[in-house]
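Have a look at the structure below before the remarks.
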Amino acid sequence: MQIRNPRTGKYDFDLVEFSAEQVKKIASNLRQHQAAWWQSGLELRIEQLQLFAAEIVKAKPELVKAVAEDTGRWSESEIEVDALVQTINRWCKDAPKLLDVVPARAASIPFLEIQQQYYPFQLVGVVSPWNFPLLLSFVDAIPALLAGCAILIKPSEVTSRFVKVLADVLAKVPQLQNVLAVVTGGGETGQAVTSNVDILCFTGSVATGRRVGELCAKLFIPAFLELGGKDAAIVCADADLDIASSAICWGSMVNAGQSCMSIERVYVDRRVAKEFKQLLVEKVSKLRHNHPTMTEGQVGPVISDKQVAVIEEQFFDAKQKNARFLCGGELVNLGGGVYCQPTVIDNITPEMLIATEETFAPVLVIEEFTSEQEAVTLANNSKYGLSGAVFSQNIAKAHAIAHQLNVGGVSINDAALTGFVHEAEKQSFGLSGLGGSRMGAESIRRFIRKKALLTNTGVRSPWWF
Ligand code: NAD
């Protein structure tokens, strides 16, 4: 498979597509090593993951370069590598208390004793998207490895250049290499991964997530699905408008809007709408593309050519239906790469695709409200329910609004915080996902099964015949 370079538009990368047979063989090999990995104990697993983190730090320049070649942007690639190291360090610190074997305890029936044990799933599959290729390949894999599982990862076919550099890093941690494999390819390889694991962590679109979820149901394995969103921000009349416009500008435009928790909709109180829009448009208009070099500007190219078509369709539809573009509104070709202008739109109606469908681009739509209740209704009028934001200087009021939003995480007086605060538990509402929280301490327990040993300490049970 030939893969397009997001900066040049040239198909300059030959992707190796692993066949179903190859995936099956790799999965079987990982399974053979998993028992030793688990039995080696948590201390050794932590040691190996710390070694992995140290090797990532050493290889940071090469890894950043490879991720940047995949994605066409530089600063977010640096963030991905740093965040991966932080993720490893955080889990190495937290795992011992979370996976601790608690001492036996008396049951409520006095002569019975309870001993809880846990058993990791043998093989965890990870299928990841192209918007944060490195980080989203590992965000579930790290806690699963510490829990004692073996891992089979398939990154997006759009962004798999980094896999070679990653393989060089992994080669320096042989024990980890036995239980962690990365295969490349498209949907068929993803299907083969799903078919050969005991539990699947999928991050991607709702459409693929549904297919993957259906296959997992047939295979009778748990699926954790992290899918799309159309996150809304609510700006109350008493919000600090400078803070709100800066936070929303960042939360919407960072990574060129290619984040699941990007702010794509803003509901602003009519009384402050004019001033807010002015501030927002001023800030958004100042953003520049990462062109001609990757380190210039703030907004990178559209990474996937399939997404170019989605943005084009939504812009066309919004223009046809008389949306008002306050800034941006075009896709531009720079050096062969396609870049979406940072865009703010008002005069939108619910019939417009851009008002309801995920855009996954640096594009914001704004609507005004007259009461906070109306704002909540507008924000909740979505099939998605990933996250959101509320701006008000009255924290109690902001919390009351947040409480009514049908989403799994809400940033108060900030935006898209769930993207890098990973210690708070959150689940997805609506079509944004299914399954236990990927974030927070509890998430490691998704990878273990609990077993109860119930011991009679020496009394004839009174219920026997
Ligand atoms: P996608 O659904 O097209 O692909 C995701 C992955 O699934 C890729 O690796 C792909 O090869 C694989 N795949 C495709 N068909 C498959 C099949 N039948 N079986 C198994 N695997 C298959 O998504 P994308 O375009 O790469 O990513 C963008 C989407 O991801 C957006 O909707 C975004 O919101 C979402 N996303 C969600 C989160 C989250 O945490 N909720 C985070 C990042 C991205």
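Every number here is computed from the coordinates shown, using simple stated rules; none is lab data. Remember, predicted model here, so these are calculated numbers, not experimental data. Ideal geometry is used to build each Cβ from the backbone, glycine not excepted, and the neighbour counts take in all protein chains shown.
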To make sure I understand the rule: partners must be lysines, Cα under 20 Å from the Cα of Lys24, and not fewer than 8 residues away in the same chain. Which ones qualify? Lys154, Lys218
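What share of the DSSP beta bridges in the chain is antiparallel, in percent to the nearest 5?
If I count the DSSP bridges inside the chain, around 40 percent turn out antiparallel.
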Could you go through region 331-338 in sequence order and give the Karplus-derived ³J(HN,Hα) for each residue, using 6.51 cos²θ - 1.76 cosθ + 1.60 with θ = phi - 60°, rounded to whole Hz, and x for Gly and Pro? 9, 10, 9, 10, x, x, x, 9
DSSP-defined beta bridges in region 231-419 - what % are antiparallel, rounded to 5: 25
Please list, in chain and number order, the residues 5+ apart from Ile366 or on another chain whose amide H is under 5 Å from its amide H, with Hs placed from the backbone. Val266, Ile345, Asp346
Partner lysines whose C-alpha sits under 19 Å from that of Lys274, ignoring same-chain residues fewer than 8 away, are Lys283, Lys286
For region 140-186 and region 320-334, compute the distance between their C-alpha centroids and round to whole Å. 40
Collect residues whose amide H, placed 1.01 Å from N in the peptide plane, falls under 5 Å from the amide H of Cys149; neighbours closer than 5 in sequence don't count. none
In degrees between 0 and 90, to the nearest 10, how far off the longest principal axis of the chain does helix 75-98 point, with axes built from Cα atoms? 30
Pick out, in residue order, every one of the GluC sites (Glu not before Pro) in region 1-81 that is DSSP loop and has at most 16 other C-beta atoms within 10 Å; say none if there are none. Glu17
Rounding to the nearest 10 and keeping the result within 0 to 90°, find how far the Cα-based axis of helix 395-404 lies from the longest principal axis of the chain. 70
Amide H contacts under 5 Å for Ile263, placed H, 5+ residues apart: Ser252
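For the chain, what does the relative contact order come out to in percent, with C-alpha contacts under 8 Å and a separation of six or more?
18
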Note the angle between two axes, namely the Cα long axis of helix 305-320 and the longest principal axis of the Cα atoms of the chain, as a number of degrees from 0 to 90, rounded to the nearest 10. 40
For region 259-339, state which trypsin sites (Lys or Arg not before Pro) are in a DSSP loop and have at most 13 other beta carbons lying within 10 Å of their beta carbon. Lys286, Arg288
The chain: percent of C-alpha pairs farther apart than 33 Å? 40
Please identify the GluC sites (Glu not before Pro) of region 225-334 that satisfy two criteria: DSSP loop assignment and at most 15 other Cβ atoms within 10 Å. Which are they? Glu296, Glu330
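What ranking do 143-149, 155-161 get when scored by the average of other Cβ atoms within 10 Å per residue, highest first?
The densest-packed peptide leads the list: 143-149, 155-161.
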For region 23-37, what does the Karplus curve 6.51 cos²θ - 1.76 cosθ + 1.60, with θ = phi - 60°, yield as ³J(HN,Hα) per residue in whole Hz, taken in order and with x for Gly and Pro? 4, 4, 5, 5, 4, 5, 5, 4, 4, 5, 8, 5, 4, 5, 4
Just to check I understand the Karplus step: with θ = phi - 60° and J = 6.51 cos²θ - 1.76 cosθ + 1.60, what whole-Hz values come out for region 209-222, glycine and proline as x? x, 5, 4, 5, x, 5, 5, 4, 4, 5, 7, 6, 10, x
Among all the lysines, which ones have a C-alpha under 17 Å from Lys60's C-alpha, if same-chain residues fewer than 8 places away are not counted? Lys164, Lys172
Please grab the % of Cα pairs in region 316-400 that end up more than 16 Å from each other. 62
